[in-house]
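The values are calculated or read from the model by the stated rules, or taken from the named source; none is laboratory data. What you see is a predicted model, and the numbers here were worked out from it, not measured in a lab. As a convention, Cβ positions derive from the backbone with ideal geometry for all residues, glycine included, and neighbour counts pool all protein chains shown. Note: accessible area is taken over every heavy atom of the protein model, side chains too, but ligands, DNA and RNA are not part of it. Shrake-Rupley method; radii C 1.70, N 1.55, O 1.52, S 1.80 Å.
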Amino acid sequence: MPLYLGLDSSTQSLTAMLLAVDNVERTNPDGARTPAVIFEHSIPFDTELPHYGTEHGVLPHEDPSVVLAPPLMWAEALDRMFEAIVASGLDLSRLAAIAGSAQQHGSVYLNASATNVLSGLAPSHPLAEQLRIVATSEQDTAAERVSLTGNEGVQSVLSRRVSPIWMDSSTSEECREITAAIGGADRLAQLTGSRAFERFTGPQIRKFYKQDPAGWEATDRVHLVSSFMASLLAGAHAPLDPGDASGMNLMDLRTRDWSALALQATAPGLAAKLPPIVPSSTIIGELAPYWQQRFRLPAAKVVAWSGDNPCSLIGTGLIREGQIAVSLGTSDTLFGLMREPRVDRTGTGHVFGAPTGDYMGLTCFLNGSLARQRIRDEHGLDWDGFSAALRATPPGNDGALMFPWFEPEITPDVRTPAVRRVDLDPDDGPRNVRAVVEAQMMALANHSRWMGVEVDVIHATGGAATNTEILHVMADVFGAEVRRFEVSNSACLGAALRAYHADLSLSGRELPWEAVVRGIAEPIADSAVMPNASNVEAYTRLRRRYAKLEPLAITECGGGERRR
Ligand code: ADP
Ligand code: XUL
């Protein structure tokens, strides 16, 4: 009865999920046994590791566009997590494989001492302590020592004490430079899956190289959060998987290898500092002696880690083209599997590698729950009142439209926020409620057409997916069946299922992904919301009108003033 561990190193916490494959009665039609979740635990960074001084997992900074986190905090959390797993009293001798998921784009900069430190970790001492204190090498120049130290007087394996993460937006200049060097945004998107984005790792690496040439010189290896965590587990530099490597503006999407052109446009000497890229299901090693001895664990296989979005693809059961997930969280995100790497010519979407060996498309909308809540509050409603307003108004809203850009919008690109209303009285509560939801659903549908996927099933997740009236609008606008998905930990579940899949593949019992996700990464039973045919027809027309008016609305946004 093997156990599989999934770990998710996200912005604010580290989460673990253990799956047990032991119940014969849960054998699914493919002959595979359906795993069961037997343990879940989360370590929030701010409260459980307060000595790093993070707020919501990041270091306070005077410039809001700069968002950094301390990588040693992630390492210490890993140590703490194994303590918690062992304290559960579960029989861990059956732990067969471990895979992980991590926040995408964030980068960790290690110096040459890291290789030996990783392979020689002493089980008697905590992990972070050993990463922090390393004897100063005589060859280190003064500049290197300053850069290596980061913290005065403390030597470490890091050539940069902090990691820029996905919330950082301070690299517009580097984005422009890389784009120009490659020959335009479209060329970069065709090559790497995305135009240059501030949070992507390539522009972040370029900024570091420009601002701290000595630190760059002292950098022996640039890891993503995913490969850094995998390196700690395996006790050796880990490779990257195509899912996470595609979030860097550095990987050639078609060859799934580094693009010499993109590397050259980013920083000198970069090729020698990057880990290799391997298929997501690769077993990259086994649990290092540190973990085996310190926590009395077996030599479990360590599977390549991936990004949280590629892992969520598995954790929400999206293993064929046509199924998409829409996450209605603080922001709204749409993603789905693609067999071919079709790239968004409008420059807002991303194409990443998928753990299945396929591709995935992802589009992010900033004004999600944020905008729904603003409208709700402006009209003095609670969520029940919000739902009642949706029931009280007709699909199509009698032609009333809204462009709900309360904050600068990612999709479409709206830098100066403003809310635009068309044939809509701002004081009409019910109509404004319907207008904001219809606008969001039409924007989601219109701006995901680039994926070229005929959507038939939507897995709705995130806080607002509990609202059935919102899901009705989604079903009608997309003309697709919507199923509700419980997803507090979809990325972590996806990681654990990847461990299961990789272990079976290695032993020659490769399971189709359908069988891996069946019975566990599935929508809530009886949660299907079906589209209504006449509403679907009406929304097909409205979506065209919305798409036509959208560029005008963007043009009319100006001066940061709220307009009606
Ligand atoms: P995130 O993980 O991005 O922080 P969640 O997925 O947890 O966010 O979603 C939280 C959001 O869900 C809240 O901000 C709230 O606006 C929204 N929400 C909760 N209940 C409802 C409801 N009944 N109808 C609509 N939205 C809701
Ligand atoms: C995706 C992105 C976020 C992070 C969150 O491009 O930036 O979803 O992966 O952890």
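List of remarks:
- ARG421 being farther than 16 Å from CYS364 by Cβ, surrounded by 22 or more Cβ atoms within 10 Å (Cβ to Cβ) and among the basic types (Lys, Arg): no
Here's the yes/no breakdown for (1) farther than 10 Å from VAL529 by Cα; (2) modelled with pLDDT under 90; (3) away from ligand 2 (no atom under 16 Å from the Cβ):
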residue	(1), (2), (3)
ALA464	yes, no, yes
GLU469	no, no, yes
HIS472	no, no, yes
VAL487	yes, yes, no
ALA491	yes, no, no
SER505	yes, no, yes
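- Among residues of the stretch 377-391 being under 24 Å from THR411 (Cβ atoms) and within 11 Å of ligand 1 (Cβ to nearest atom), the one that is surrounded by the fewest Cβ atoms within 10 Å (Cβ to Cβ) is ASP377.
- Matching entry among SER163, SER119 (being surrounded by fewer than 22 Cβ atoms within 10 Å (Cβ to Cβ) and modelled with pLDDT of 95 or more): SER119
- Looking across the stretch 199-216, the residues that are open to solvent by 10 Å² or more (accessible area, probe 1.4 Å) and in contact with an Asp or Glu (Cβ under 7 Å, 6 or more places away or on another chain) come down to ARG199, ARG206, LYS207, ALA214.
- One residue from ARG342, ARG374 being away from ligand 2 (no atom under 16 Å from the Cβ), closer than 26 Å to GLY184 by Cα and open to solvent by 30 Å² or more (accessible area, probe 1.4 Å): ARG342
- The residue list THR416, THR411 contains one member that is modelled with pLDDT under 95 and either out of contact with any strand residue (DSSP E or B) (no Cβ under 9 Å at 6 or more places or on another chain) or within 16 Å of ligand 2 (Cβ to nearest atom) (or both), which is THR411.
- Residue satisfying condition, being within 16 Å of ligand 2 (Cβ to nearest atom) and open to solvent by less than 10 Å² (accessible area, probe 1.4 Å), within set PRO71, PRO35: PRO71
- Check on PHE228, of a type in the set (Phe, Trp, Tyr), open to solvent by 10 Å² or more (accessible area, probe 1.4 Å) and at negative phi: no
- Residue in the stretch 362-370 that is modelled with pLDDT of 95 or more, within 16 Å of the chain's Cα centre (by Cα) and either on the phi > 0 side of the Ramachandran plot or away from ligand 1 (no atom under 16 Å from the Cβ) (or both) present: no
- Residue within the stretch 445-461 that is open to solvent by 10 Å² or more (accessible area, probe 1.4 Å) and touching a Cys at 6+ places or on another chain (Cβ under 8 Å) present: no
- Those helices (runs of 4 or more DSSP H) of the stretch 276-383 in which 3 or more residues are touching a Gly at 6+ places or on another chain (Cβ under 6 Å) occupy 308-315.
- When ASP241, ASP257, ASP308, ASP252 are checked against the criterion of being under 21 Å from SER9 (Cβ atoms), open to solvent by 10 Å² or more (accessible area, probe 1.4 Å) and either without any contact (Cβ under 8 Å) to a residue 40 or more places away in the chain or not aliphatic (A, V, I, L, M) (or both), a single residue qualifies: ASP308.
- Note on the stretch 487-510: among residues that are in contact with a Ser or Thr (Cβ under 8 Å, 6 or more places away or on another chain) and not polar (S, T, N, Q), the one that is surrounded by the fewest Cβ atoms within 10 Å (Cβ to Cβ) is VAL487.
- Residue in the stretch 411-423 that is among the polar types (S, T, N, Q) and in contact with a helix residue (DSSP H, G or I) (Cβ under 6 Å, 6 or more places away or on another chain) present: no
- Any hit, the stretch 449-458, residues being assigned to a helix (DSSP H, G or I), in contact with a helix residue (DSSP H, G or I) (Cβ under 7 Å, 6 or more places away or on another chain) and at pLDDT 95 or above: no
- Out of ASP428, ASP358, sole residue that is over 33 Å from the mean Cα position of the chain (by Cα), open to solvent by less than 60 Å² (accessible area, probe 1.4 Å) and over 20 Å from ALA464 (Cβ atoms): ASP428
- Criterion: within 25 Å of the chain's Cα centre (by Cα), assigned to a helix (DSSP H, G or I) and within 11 Å of ligand 1 (Cβ to nearest atom) - qualifying residue of VAL433, VAL437: VAL437
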